[in-house]
1. Under a Cβ-only charge scheme (Lys and Arg +1, Asp and Glu -1), can you give me the dipole magnitude of the range 326-406 about the Cα centre, in debye to the nearest 20?
2. What distance in nm separates the two pseudo spin-label positions at GLN225 and VAL49, each 7 Å out from Cα along the beta-carbon direction?
3. PRE reach from ASP422 (point 7 Å along Cα→Cβ): which of the range 207-235 fall under 13 Å by backbone N?
4. Might you work out the accessible area of LYS360 for me, using a 1.4 Å probe with all protein chains in place, and round it to the nearest 10 Å²?
5. If you count, for each residue, the other Cβ atoms within 10 Å and average over each peptide, how do 64-77, 478-491 line up from highest to lowest?
6. Can you tell me how much longer the chain between TRP621 and GLN706 gets when fully stretched, taken as 0.36 nm per residue apart minus their C-alpha distance, in nm with one decimal?
7. Does the range 378-462 classify as rounded, prolate or oblate by the C-alpha gyration tensor (a ≥ b ≥ c root eigenvalues; a/c under 1.5 gives rounded; else a/b over b/c gives prolate, otherwise oblate)?
8. For ASP490 and THR133, FRET efficiency with R0 = 56 Å and r from the beta-carbon atoms, rounded to 0.05?
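The values are calculated or read from the model by the stated rules, or taken from the named source; none is laboratory data. On a predicted model such as this, the values are computed, not experimentally measured, just so you know. Glycine also receives a Cβ, built like all others from the backbone with ideal geometry; neighbour counts cover every protein chain displayed. SASA here: full protein model, heavy atoms, side chains in, ligands and nucleic acids out. Shrake-Rupley method; radii C 1.70, N 1.55, O 1.52, S 1.80 Å.
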Amino acid sequence: MASSTPDTPAPTAYALMPAASPVEESGIGLKGLVRILQRRRRIFLTTTVAVTLVAGLWTVYRRINSPVFLGGFSLLISDPISENGGASREAGGASGEASTFGIASVARNVSSNDVPTLIRVLESPTVLEPVFTDLQRRHPDRKLPEVNVSLVTADPTQKNQVLAMGVLAVTARGGSLELVNETLKLTEEAYLSWALKQRREKLTEGVKFLDKQAPELQARSSELQAELERFRTINNVLLPETEATAVRTQAEGLRNSLENQLAERRRLQQVRADVAAGRLTARTFSSTAGDRRSTESTGASTAGSGTSVTLDVPNQPLLTELNRLEGEIAQARSIYTTDSPYLRNLLTARDQLKPALQRKELEAVDATLQQLNGSIAALRSQIGGTDERFRSQPALLRQYEDLQRKLEIARGNLASYQSTRDQFQLEIAQNNVPWKVISPAEVNPTPVEPRLGRGLLQALLLGVVAGGGVALVRDRLDHVFHTPGEVREDLKEPLLGHIPYISFFEGLRRDKRFLLKDLDAQQTGMAGYQRFTYQEAFRNLYTSLRFLNSDRPVKSLAVSSSVPSEGKSLLIVLLAKTLSELGKRVLLVDADMRQPQVHHRLGLNNLSGLSNLLTEEDADWRSTLQTVPGHTNWQVLTAGRRVPDPPRLLSSTRMGQLVQDIAASGAYDMILYDTPPALGLADASLLAENLDGILLVVSLNKVDRQLPQQAIDRIRSAGAPLLGVVTNARSATGDKSGIYGYSKYGYGSYTDGASALDPSTAYNYYNSEGEVEGLETKGVATLLPNKDNRKRWKKALKNWLQG
């Protein structure tokens, strides 16, 4: 078998291997669920098929033996014509506050019902008991349909709206088409009868209520009318509003008269001042008196009431004489000179007459002013009385309006009562049904339940869910590791490699088969593919070990496990063989002196070995070594004869010295020690103290999850360096035929006629599960014929179904 260059193993495998995927770290995830279903595919498929079959048969059985039919009708639950007409009559029969009082609404006991309340009433035994009693009498041995009521609305969010007018959908569900139809017809009659009965009861109760209210309404109207009459008698008023207007008009007239007389008084006072100063001549005074009489005549006609004041001309003969003298003096001045005796005589006579006339004029003006002052005082008194009367009018008017409004309300209520009572009597006599059937009863001849399509789909979904649940529970109850990712996530230790399941190694320990001869015989077909698979796994394990510590390379290590039969001895033998084929110098020491297995695997004798070196004096370890046939660079130190106390020998100074001597000899690139299980035995921990570290093997689908962690704790408590863990697939459960992805490149299956493939020319990459996902080959034709591909897929499907 060709081998790759010893010093250049591909580092790419190590770089991509340790990282954990985010899906694994967050929980099961989709990928984990798929793996669980794949591992438990047998119980998953069995449960899914069984549950789906049972549920599907149950759906078909119900469809045949107990179908459900659905029918219904629609009801208009209010009459818009009667409602609007009644409202109009009520608004027109009473005025103002009377219509607001709403005697008709109170007498009808009108109240808005919310939809849930009305539906609950219609579905209650109070309404439906006659229907079901009749149906029970006609069909005593049959199950009666179920009646449901709902509101037909365009807005589904308005289910709890206040009901004024709407359409109710009444449905019935049952196992018999004829019985459902009969139930709908009886229900329709029952609802219409109930609505008519409720209408009659409300109208009858309304008439009784109106009859009780009639005496009180009549007494109230009579009482208010008598109170209005008393108000008019006490206040001596018929219509307060009209009289208030008249008083206001009178007050305004008196104020105008007062203003006029005040103005006249000011003018007379000016006249008196002119007379006293001699500025008013007889002719001017006569003209002033004439103007005064004209003013008084106008003021008297305007005021209507008050005292008339007259300015009399004083001593009319004197005034006439004075006017004559004034005329003659004027004429004489035009004829005579100023010193004429005739002119002087006329002036003397005038001057003698003027003082007497002035005195008489002052007396006349004073008398007129005194009379005018009395008239002004009288007007002011009249104005005060009128204002007092006007101020009392608003209170009277308010009282009158209150009484008038109450009387109108009482009269309106009485009129509304009479109109409403007559209307109620008329509606009772008409016997109108308030609800109407707008869609007659109709039953769908096709059963609505169970629906075959939906039932079968539900059966399938139920089967898938049940199968997945059973598979998940079964997987969780199986308290073992299933994938390398689970090992890494639980143990939180470096995952250095994963050894896939190889069917060739099945029963190897039980049969104690000689291993190397059979391994070397694997060249072509499926055997060649399996050889290539494990070789790549161990090459990548060696690569991981090389890069664990760049400062101090790992030269000597022990391999242990938690419990027996986890495959550690086979793993260490295959690792040594792979390193030997890579050109490495390897020493394999079987330190399991309790149940040694290495000599069985390699076909070597166990007459002398490690126990002999530790118990015999002057024993040379080089002389005890055996070379593996066909592998010149691979030597083995077997366990030797059994000893009663292996831990004492492994912890002895001689054992430590032996390990140091072998390592210091420089004869080997890697020294591997096979040890007993770490749990319950101290052999592995004692030996690892003298080595570079210990490697823990964790078998999948076998060992309990708690045991590897306990083994790790035991190793660390002993102070031994733990390098990491290696997972070992002990069974094909959960593994794929192309677990390393090689089937993509033609390594999935082989036939006897297939061309041989040199595994050393392949390069692989690990995914998050520690599995190789891709492979590239150099110069090898790997594609198989279509016929072989079909056979391969058929075989894979068969293996998958068989679990």
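1. Working: 12 positive and 11 negative charges, 81 e Å.
Around 380 debye, computed over the range 326-406.
2. The answer from the label model is 10.0 nm.
3. Residues passing the 13 Å test: none.
4. Counting only protein heavy atoms, the figure is 80 Å².
5. Working: 64-77: 17.1, 478-491: 19.9.
Highest-to-lowest ranking by the protection proxy: 478-491, 64-77.
6. 26.7 nm
7. Numbers: a/c = 10.42, a/b = 3.03, b/c = 3.44.
Since a/c reaches 1.5 but b/c is at least a/b, the shape of the range 378-462 is classed as oblate.
8. Values: r = 69 Å, r/R0 = 1.23.
FRET efficiency, THR133 to ASP490: 0.20.
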